[in-house]
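> Shown below is the structure under consideration.
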Amino acid sequence: MTVSATLAANEAVAARRAAGQEVLALGFGEAGIPVHPLLRQRLTQAAGQISYGPVAGIDAAREAAAGYWTRRAIPTGAEQVILGPGSKPLLFALLHAAGGDVVLPKPAWVSYAAQAELLGRDPIRVPVPKGEGGVPDAEALDAAVRAARRAGRDPRVVVATLPDNPTGRLASEQSVKALCEAARELDLIIAADEIYRDLVFEPGSFPSPAAWAPERTVTTTSLSKNYALGGWRVGAARFPDSPLGARLRESVRGTASELWSATPMPMQHAAAYAWSDPQELVERVALARRLHGSVAAAVAEVFAAAGAAVPAPQGGFYVWPDFAPLRDSLAAKWGIATGADLAGVLLERFGIVVLPGSAFGDDPEALTLRVAVTGIYGENDSERLAALVSRFPMEMPWIAEALAGLAEKLRALTASE
């Protein structure tokens, strides 16, 4: 098991900067905005809370998480919630509790496959519907699961990410409903990773699997993306109000008791405040959503202008350009044959850090990239805060300069000899 590709990219940025090398950091999925003062205050006030606490989490935090989901049209009781040090260990504990093989969308966030492999399972990858992301195509899912079972395998879980990392796309309601129907027919647990839910750019109903398959959907969230608190490590999982949900919850709680004992107490108090949706924090998330959406759209335009095929980003802070239209010219000019080749040239020749689509399970020969746009919000909290509150973030000089520099380097990459 190697270091996660996303974390490795972050370390590569730090190393290049320490060496005095120019770098445009578009590889690491960190939200890139300063912590809200009220959240900092809550954490400070709770710093003296040093007991282990209940394995599932303190009542106040679980009740707040339950309220968070209930206000988003997923009725939830506190008894259905377990807290953990981030959503990542909760997902791992869920895969462990479910047993059997894991079905993933193709492409999918890097850690899903890695966690399955840590459990000794080779993930089953199923393509997403054309133009979408985060949810396996229902017909292809049915075929893949039945074929796997005929071959003696035991698929039990299908993962969905809404909206998606790496593509920045939000699966359609039709595709999510079809997934739920297929999961019920195939008796699969749905693991719905909704960590970017609050960062969908356009208003409207949200296609959560818990709405159409409530008896078999486990939903996870955290404060890492909407509030940019990745380093605080606090997340929550919502289990179904069903016999299956009760069994999974108790198994995850048992795993938690042996792996992390309890979520850090100060973070739980901060999370209890955040998940209660106070107006000041709701406004902060709205600002973050505007910043992510406007910059992601601008970055997508830059890649499209260079000749890549780019689906319009719909949520989170990612862009998924595909350089397949330029395959012949890139091969002739740079010897590029794979996504990893393309990412390597961008890093070594132009100082641009991105990840190849193959890191997320895409075919190695695909010329797809995962671009995290938050790396251009600013070099310090002052710049990032200014970008956050600006009605027109693209007018911030450092963002405009970064976009212009990216465009210039992509022109150099793709220009014919």
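The values are calculated or read from the model by the stated rules, or taken from the named source; none is laboratory data. The structure displayed is predicted, hence computed values, not measured ones. Methodologically, a virtual Cβ is constructed for each residue, glycine included, from the backbone with ideal geometry; neighbour enumeration extends over all protein chains shown.
> What is the one condition in (1) at pLDDT 95 or above; (2) over 28 Å from D362 (Cβ atoms) that T263 does not satisfy?
(1)
> Go through A66, A15, A60 for me and flag whichever is touching a helix residue (DSSP H, G or I) at 6+ places or on another chain (Cβ under 9 Å) and either crowded, with 18+ Cβ neighbours inside 10 Å or at pLDDT below 90 (or both).
Values: A15 fails: touching a helix residue (DSSP H, G or I) at 6+ places or on another chain (Cβ under 9 Å); A60 fails: either crowded, with 18+ Cβ neighbours inside 10 Å or at pLDDT below 90 (or both).
One residue alone meets the criteria, A66.
> Is it true that some residue in the stretch 318-339 is aliphatic (A, V, I, L, M), touching a Gly at 6+ places or on another chain (Cβ under 9 Å) and over 28 Å from W398 (Cα atoms)? Lay out the reasoning, then the answer.
The initial filter retains those residues of the stretch 318-339 that are aliphatic (A, V, I, L, M), namely 319, 324, 326, 330-332, 336-337.
Checking which are touching a Gly at 6+ places or on another chain (Cβ under 9 Å) leaves us with 319, 326, 336.
Those still in the list that are over 28 Å from W398 (Cα atoms) too: 326, 336.
The answer is yes; a qualifying residue exists.
> Related question: When residues of the stretch 250-259 are filtered for being over 11 Å from G57 (Cβ atoms), surrounded by fewer than 23 Cβ atoms within 10 Å (Cβ to Cβ) and touching a residue at least 12 places away in the same chain (Cβ under 8 Å), how many remain? Spell out how you get there, then give the answer.
Pass one, the stretch 250-259, residues over 11 Å from G57 (Cβ atoms): 250-252, 254-255, 257-259.
With surrounded by fewer than 23 Cβ atoms within 10 Å (Cβ to Cβ) added as a condition, the list becomes 250-251, 254-255, 257-259.
Among the residues that remain, those that are also touching a residue at least 12 places away in the same chain (Cβ under 8 Å) are: 251, 255, 257, 259.
Final tally of qualifying residues: 4.
> While we're looking at this one, here's another question. Counting just the residues of the stretch 133-157 that are closer than 22 Å to Q174 by Cα and touching a helix residue (DSSP H, G or I) at 6+ places or on another chain (Cβ under 6 Å), which one comes out surrounded by the most Cβ atoms within 10 Å (Cβ to Cβ)?
If we take residues in the stretch 133-157 being closer than 22 Å to Q174 by Cα and touching a helix residue (DSSP H, G or I) at 6+ places or on another chain (Cβ under 6 Å), then V135 is surrounded by the most Cβ atoms within 10 Å (Cβ to Cβ).
> Any residue at all in the stretch 358-374 that's of a type in the set (A, V, I, L, M, F, W, C) and free of Cβ contacts under 8 Å to residues at least 40 places away in the same chain?
Step one: of the stretch 358-374, the residues of a type in the set (A, V, I, L, M, F, W, C) are 359-360, 366-367, 369, 371-373.
Still in the running and free of Cβ contacts under 8 Å to residues at least 40 places away in the same chain: none.
No - not one qualifying residue is present in the stretch 358-374.
> Okay, moving on. Collect the residues in the stretch 340-369 that are assigned to a helix (DSSP H, G or I) and either charged (D, E, K, R) or over 14 Å from P166 (Cα atoms) (or both), keeping them in residue-number order. Show your work before the answer.
The first filter runs over the stretch 340-369 and keeps only residues assigned to a helix (DSSP H, G or I), leaving 340-350, 357-360.
Matches in the stretch 340-369: A340, D341, L342, A343, G344, V345, L346, L347, E348, R349, F350.
> Please state which of the following conditions P397 fails to meet, knowing it meets all the rest: (1) surrounded by fewer than 22 Cβ atoms within 10 Å (Cβ to Cβ); (2) touching a residue at least 12 places away in the same chain (Cβ under 8 Å).
All conditions are met except number (2).
> Quick check on my filter: what residues within the stretch 370-394 are within 23 Å of the chain's Cα centre (by Cα), surrounded by fewer than 16 Cβ atoms within 10 Å (Cβ to Cβ) and not in a helix (DSSP H, G or I)?
Correct list: E379 only.
> Could you please let me know if V176 is part of a helix (DSSP H, G or I), touching a helix residue (DSSP H, G or I) at 6+ places or on another chain (Cβ under 8 Å) and not hydroxyl-bearing (S, T, Y)? Even if it seems obvious, please write down each step before you answer.
Working: part of a helix (DSSP H, G or I): yes; touching a helix residue (DSSP H, G or I) at 6+ places or on another chain (Cβ under 8 Å): yes; not hydroxyl-bearing (S, T, Y): yes.
Spelling it out, V176 is indeed part of a helix (DSSP H, G or I), touching a helix residue (DSSP H, G or I) at 6+ places or on another chain (Cβ under 8 Å) and not hydroxyl-bearing (S, T, Y).
Yes/no matrix, rows are residues, columns are (1) assigned to a strand (DSSP E or B); (2) under 30 Å from K177 (Cα atoms); (3) hydrophobic (A, V, I, L, M, F, W, C); (4) in contact with a strand residue (DSSP E or B) (Cβ under 9 Å, 6 or more places away or on another chain):
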site: E258; (1), (2), (3), (4): no, no, no, no
site: A270; (1), (2), (3), (4): no, no, yes, no
site: S276; (1), (2), (3), (4): no, yes, no, no
site: L281; (1), (2), (3), (4): no, no, yes, no
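> Go through (1) surrounded by fewer than 19 Cβ atoms within 10 Å (Cβ to Cβ); (2) modelled with pLDDT of 65 or more and name the single condition G20 misses.
The single condition G20 does not satisfy is (2).
> Continuing with the same structure: So which of P166, P266 is more than 29 Å from A359 (Cβ to Cβ) and either of a type in the set (S, T, Y) or assigned by TED's automatic domain parsing to the domain that holds P155 (or both)? Working first, answer last.
Details: P166 fails: more than 29 Å from A359 (Cβ to Cβ).
One residue alone meets the criteria, P266.
> Considering each residue of the stretch 99-124, count those that are surrounded by fewer than 20 Cβ atoms within 10 Å (Cβ to Cβ) and more than 17 Å from the chain's Cα centre (by Cα), and give that number.
Residues meeting the conditions: 7.
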